[in-house]
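Engineer: Please read through the structure below; I'll follow up with questions.
The values are calculated or read from the model by the stated rules, or taken from the named source; none is laboratory data. Keep in mind that this is a model prediction, so the values were computed, not measured. For neighbour counting, all protein chains shown are included, and Cβ atoms are generated from backbone atoms with ideal geometry for every residue, glycine included. Note: accessible area is taken over every heavy atom of the protein model, side chains too, but ligands, DNA and RNA are not part of it. Shrake-Rupley method; radii C 1.70, N 1.55, O 1.52, S 1.80 Å.
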Amino acid sequence: MAFTHDAIEAGGVASPATVKVWDPFVRVFHWTLLTLFVIAFVTGDEIESVHVAAGYGIAILLALRLVWGVIGPRYARFSSFLRSPRQVLAYFRDVAKFKAPRYLGHNPAGGAMIVALLAALIGTAVTGYMMTTEAYWGAKWVEKLHEALAHGTLVLAGLHVVGVVASSLLHRENLVKAMWTGRKRSS
């Protein structure tokens, strides 16, 4: 028999009920990807062996996330957060009016950002691998594309942080904490 226990905090105020949203894989993926990207970005040409190892780690994570996006739990599945461009634009209009609805999982802008980040990271990983092959060894265009994708990913990550902060403020919830704990308030 399951029951909900409403804890009473200091001052007699009941803490809001929470619900599990982000599963352990999504949370570990998120923070590990961030760590490996920072390592890869800062090592670049300086410490090539570390850069390459971080790149392969990122590639493995991306492959696992693509699979998890199909077979994982509800909020990890792409089908739960991918929206049409029209829905994403409508969400941005609502944000501009400070009337954006709150989503338990990713909002339409967050879903679009995931697609953009995954695409940029996959492109970065593929071009990084290409530079290790005989066919593309020393090809300047591949190196330039790899660097452009890495810098583009950095810009997207910055926009992602801005979106997380904006959504946290708009809906009065700590989304960074939610990505650590896996839980968000239920209403």
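Engineer: Is there a residue being outside any helix (DSSP H, G or I), open to solvent by 70 Å² or more (accessible area, probe 1.4 Å), more than 30 Å from His146 (Cβ to Cβ) and touching a strand residue (DSSP E or B) at 6+ places or on another chain (Cβ under 9 Å) anywhere in the stretch 20-31?
Structural biologist: Start the filter on the stretch 20-31 by keeping residues that are outside any helix (DSSP H, G or I), which leaves 20-23.
Now drop any that are not open to solvent by 70 Å² or more (accessible area, probe 1.4 Å), which leaves 20.
Pick out the ones that are also more than 30 Å from His146 (Cβ to Cβ) and you get 20.
Now narrow it down to the ones that are touching a strand residue (DSSP E or B) at 6+ places or on another chain (Cβ under 9 Å): 20.
Within the stretch 20-31, one or more residues are outside any helix (DSSP H, G or I), open to solvent by 70 Å² or more (accessible area, probe 1.4 Å), more than 30 Å from His146 (Cβ to Cβ) and touching a strand residue (DSSP E or B) at 6+ places or on another chain (Cβ under 9 Å).
Engineer: Restricting to the stretch 107-127, name every residue that is over 28 Å from Ser167 (Cα atoms), of a type in the set (A, V, I, L, M) and either in contact (Cβ under 8 Å) with a residue 12 or more places away in the chain or open to solvent by less than 30 Å² (accessible area, probe 1.4 Å) (or both).
Structural biologist: Ala125
Engineer: What residue, of Leu89, Leu104, is in contact (Cβ under 8 Å) with a residue 12 or more places away in the chain and surrounded by fewer than 16 Cβ atoms within 10 Å (Cβ to Cβ)? Step through it out loud before you land on a result.
Structural biologist: On the way: Leu89 fails: in contact (Cβ under 8 Å) with a residue 12 or more places away in the chain.
One residue alone meets the criteria, Leu104.
Engineer: If you don't mind, another one. Under 6 Å between Cβ atoms, which residue pairs at least 6 apart in sequence (or on different chains) link something in the stretch 128-142 that is without any contact (Cβ under 8 Å) to a residue 12 or more places away in the chain with a partner that is outside any loop (DSSP other than H, G, I, E, B)?
Structural biologist: Here the result reads Tyr136/Met130; Tyr136/Val142, each pair linking the stretch 128-142 to a residue that is outside any loop (DSSP other than H, G, I, E, B).
Engineer: Can you tell me which residue is farthest from the chain's Cα centre (by Cα) among those in the stretch 76-86 that are over 21 Å from Leu159 (Cβ atoms) and surrounded by 14 or more Cβ atoms within 10 Å (Cβ to Cβ)?
Structural biologist: Going residue by residue through the stretch 76-86, those that are over 21 Å from Leu159 (Cβ atoms) are 76-77, 79-80.
Then drop every residue that is not surrounded by 14 or more Cβ atoms within 10 Å (Cβ to Cβ), which leaves 76-77, 80.
Details: Ala76: 11, Arg77: 13, Ser80: 15 Å.
Restricting to residues being over 21 Å from Leu159 (Cβ atoms) and surrounded by 14 or more Cβ atoms within 10 Å (Cβ to Cβ), the top hit is Ser80.
Engineer: Now, a different point. Here are some conditions: (1) farther than 27 Å from Gly111 by Cβ; (2) in a helix (DSSP H, G or I); (3) without any contact (Cβ under 8 Å) to a residue 24 or more places away in the chain. Val70 meets all but one. Which one does it not meet?
Structural biologist: Just one mismatch for Val70, condition (1).
Engineer: Now for a different question. Return the residues of the stretch 137-178 that are in contact with a strand residue (DSSP E or B) (Cβ under 7 Å, 6 or more places away or on another chain) and among the acidic types (Asp, Glu); say none if nothing qualifies. First the steps, then the outcome.
Structural biologist: At the first step, the residues of the stretch 137-178 found to be in contact with a strand residue (DSSP E or B) (Cβ under 7 Å, 6 or more places away or on another chain) are 173, 178.
Selection gives Glu173 alone.
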